[in-house]
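Remarks on the structure that follows.
The values are calculated or read from the model by the stated rules, or taken from the named source; none is laboratory data. Worth saying up front: this structure is predicted, and the values here are computed from it rather than measured. Note that we place each Cβ from the backbone using ideal geometry, even for glycine, and neighbour counts take in every protein chain shown. SASA here: full protein model, heavy atoms, side chains in, ligands and nucleic acids out. Shrake-Rupley method; radii C 1.70, N 1.55, O 1.52, S 1.80 Å.
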Amino acid sequence: MAELNENMVALLNALTNEDCRKLCHRVVDGLCGREPPHRGDYSTTWSLQEWLELLGSLTALFRLAVVNKTSDEVVFSDVQVLSSLSNVSTSLAEAVLSVLRAREEEIRCALLDRTSSISTARLQDFDWQLKCGCARKWSPPVCHCGDEQKGARHAHQFIRVC
């Protein structure tokens with residue numbers, strides 16, 4: 001898991017623990033299809049560019065932490081998240097991790113639902129008709145040898161005609 005860059009660390013360090021926890025919960029809300037955090041609530045804290053960078057970094061952190069984690073890797077994943085937040089104050093890193101732990105299953109379900117809905121839409125839009133390269137409809141293989149006996153064995157190949 002990639003570490004947050006120096007700018008993201010400075011941006012997170014501008015928050016109190018409680019504000020960090022609230023922001024992280026709102027980021028997860030947005031990730032799960034509900035109302036995301038509002039830029040206006042943080043306009044005095046960060047510029048628009050800083051806000052977008054921080055929002056993108058936190059969203060990516062939550063996604064990667066959940067996607068890369070299996071039930072056998074609980075401790076390892078927590079260590080990965082903490083190492084990616086290594087330059088953030090310990091209390092803020094713990095606040096981010098507590099939100100991740102509390103809402104991990106919700107994030108996983110949202111990501112699976114999003115993937116499933118994309119796959120379903122693609123499958124529904126797919127043209128399931130077999131195309132044979134010509135304007136006429138496809139027909140089954142036909143024997144052109146002239147032998148009309150039913151069940152007769154043929155030593156030649158059948159061909160498909162369109």
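If you take the residues in segment 102-116 that are of a type in the set (A, V, I, L, M) and open to solvent by 60 Å² or more (accessible area, probe 1.4 Å), which one is nearest to LEU61 (Cα to Cα)?
For segment 102-116, the residue satisfying everything is ALA102.
On the given criteria, is LEU12 at pLDDT 80 or above and surrounded by 15 or more Cβ atoms within 10 Å (Cβ to Cβ)? Give the derivation first.
Details: at pLDDT 80 or above: yes; surrounded by 15 or more Cβ atoms within 10 Å (Cβ to Cβ): yes.
Taking the combined requirement at face value, the residue satisfies it.
Does any residue in segment 8-29 that is free of Cβ contacts under 8 Å to residues at least 12 places away in the same chain and β-branched (Val, Ile, Thr) come within less than 9 Å, Cβ to Cβ, of a residue that is part of a helix (DSSP H, G or I) and open to solvent by less than 20 Å² (accessible area, probe 1.4 Å) six or more places away or on a different chain, and which pairs are these?
THR16/LEU92
Considering (1) modelled with pLDDT of 85 or more; (2) loosely packed, with under 13 Cβ neighbours inside 10 Å, say which one LEU92 fails and leave the rest.
Only one criterion in (1) modelled with pLDDT of 85 or more; (2) loosely packed, with under 13 Cβ neighbours inside 10 Å is unmet by LEU92, namely (2).
Being open to solvent by 20 Å² or more (accessible area, probe 1.4 Å), part of a loop (DSSP other than H, G, I, E, B) and at pLDDT below 90: is that true of GLU35 here?
On the way: open to solvent by 20 Å² or more (accessible area, probe 1.4 Å): yes; part of a loop (DSSP other than H, G, I, E, B): yes; at pLDDT below 90: no.
In short, no.
Would you check which residues across segment 38-69 are in contact with a Leu (Cβ under 8 Å, 6 or more places away or on another chain), assigned to a helix (DSSP H, G or I) and not hydroxyl-bearing (Ser, Thr, Tyr) and list them?
Once the filter is applied, which keeps residues that are in contact with a Leu (Cβ under 8 Å, 6 or more places away or on another chain), assigned to a helix (DSSP H, G or I) and not hydroxyl-bearing (Ser, Thr, Tyr), segment 38-69 yields ARG39, GLU50, GLU53, LEU54, LEU58, LEU61, PHE62, ARG63, ALA65, VAL66, VAL67.
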